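Inspection log for the structure reproduced underneath, given as C-alpha cells.
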Amino acid sequence: MLSTLYQFLTSLGYPGPIHPPLTHVPMGLVTGALIFGLVARFFHSEKLTWTARACVILALIFALFTMLFGFMDWQHYYSGGWLHPIKMKLIVAGILVGLLLLAAILGQGRRLPNAAVLVVYALCFFCVAGLGWFGDKLTYSARIDALPEQFHPGVILFINDCYGCHPDGGNLIAPDLQLRWSGKLKNFPRFIQWVRHPKPPMPAFGPSRLTERQAHVLYKYLFDFIWKPEDPSVGASLTNSAATP
C-alpha cells in the first residue's frame with residue numbers, strides 16, 4: 001500500500017519523501033509560540049498570550065501528522081531499520097508531543113504566560129532543534145563539493161537513496177555487510193541485480209525508483225569512491241565496463 005502511494009506521488013512529479021516538508025510547520029509554530037510568549041510576557045499583552053497558545057495547539061496537531069508521515073517514510077525508504085538518528089528522532093518527537101500537550105494545559109485561561117509556561121515553550125523549541133539536528137544526520141551529512149563534477153549526479157543519488165543506511169560506505173543496520181570491498185560492487189551486473197532484488201530489510205530499487213541510467217551513474221560513484229579496490233588496474237577495467245552506454 002505504501003509503495004502505491006509513493007508511486008502515485010512520483011507520477012505527479014513528487015518523487016521524494018513526504019515527511020521533511022511537513023516538519024517546517026510544527027517547527028515554525030513552536031518557534032512562534034516561544035517568541036509570542038516572551039513578547040506577551042514582556043509587554044503584558046493578552047492577545048499575544050492567546051496567539052502563543054494557538055501556535056502550541058496547532059503545533060501539536062501538525063506534529064501528529066508529521067510523525068505519521070515520518071513513520072511512513074521510515075518504512076518506505078529505510079524498511080523500518082533502526083538507525084541511530086531515527087531512534088533519537090522518535091524519542092525526541094515523543095517528548096515534544098508531551099511538552100506541547102503540557103504547554104496547552106498550563107496556558108489554558110491565562111492572561112499572561114507565567115515562568116513555567118515559558119520554560120515549557122523553550123523546551124519545545126529545543127526539541128524541534130534536536131529533531132532538525134538528527135534529521136540533518138540522515139540527509140545532509142554527505143558532501144559533494146570535494147568530488148569532481150562528473151561524479152555529482154552519482155553522489156546526489158547516493159545521498160538521497162543510500163546514505164541513510166550506508167554513510168561513507170558502511171552499514172548502520174548490519175555493520176558486517178558494508179559497501180566497502182563488497183562483492184556486490186565488483187561489476188555492474190552484480191550491482192544492478194542486488195539493488196533490484198536485495199534481501200530485507202533493504203528496499204528494492206525497481207526501474208520506477210532507479211532507472212538503468214541512474215543505476216549506472218550511481219554505480220560509477222560507488223565503485224570509484226566507496227568500493228576502493230586494492231588493485232588500481234582492476235578498478236580501471238571495471239569502471240570502463242560500467243560506463244553508461
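Each reported figure results from applying straightforward, stated rules to the coordinates on display, with no laboratory input. On a predicted model such as this, the values are computed, not experimentally measured, just so you know. Methodologically, a virtual Cβ is constructed for each residue, glycine included, from the backbone with ideal geometry; neighbour enumeration extends over all protein chains shown.
A few comments on the model shown:
- Its Cα centre serving as origin, the chain has a Cβ charge dipole (Lys and Arg +1, Asp and Glu -1) of approximately 520 debye.
- Quarter the surface of the alpha carbon convex hull of segment 1-139 and you get the mean projected area, 8.8 square nanometres.
- Projecting the Cα atoms of ALA215, LEU96, GLY130 onto the charge dipole of the chain (Cβ charges, centred on the Cα centre) puts LEU96 farthest toward the positive pole.
- Hits among lysines - C-alpha to C-alpha of LYS184 under 16 Å, sequence gap 8 or more where chains match: LYS199, LYS220, LYS228
- When SER45, SER208 are sorted by how many other C-beta atoms sit within 10 angstrom of their C-beta, beginning with the fewest, the order is SER208, SER45.
- Ranking of THR211, THR23 by count of other Cβ atoms within 10 Å, fewest first: THR211, THR23
- Dipole magnitude for segment 1-130: computed about the Cα centre from +1 point charges on Lys and Arg Cβ and -1 point charges on Asp and Glu Cβ, it is near 360 debye.
- Between the helical axis of 19-43 and the longest alpha-carbon principal axis of the chain there is an angle of about 30 degrees.
- Relative to the longest principal axis of the Cα atoms of the chain, the long axis of helix 232-241 makes an angle of roughly 90 degrees.
- Tail beyond 25 Å, pair distance distribution of the chain (Cα, percent): 53 percent
- Listed from fewest to most Cβ neighbours within 10 Å, the set THR66, THR49, THR4 follows the order THR4, THR49, THR66.
- Counting only alpha carbon atoms, the long axis of helix 84-106 and the longest principal axis of the chain meet at about 10°.
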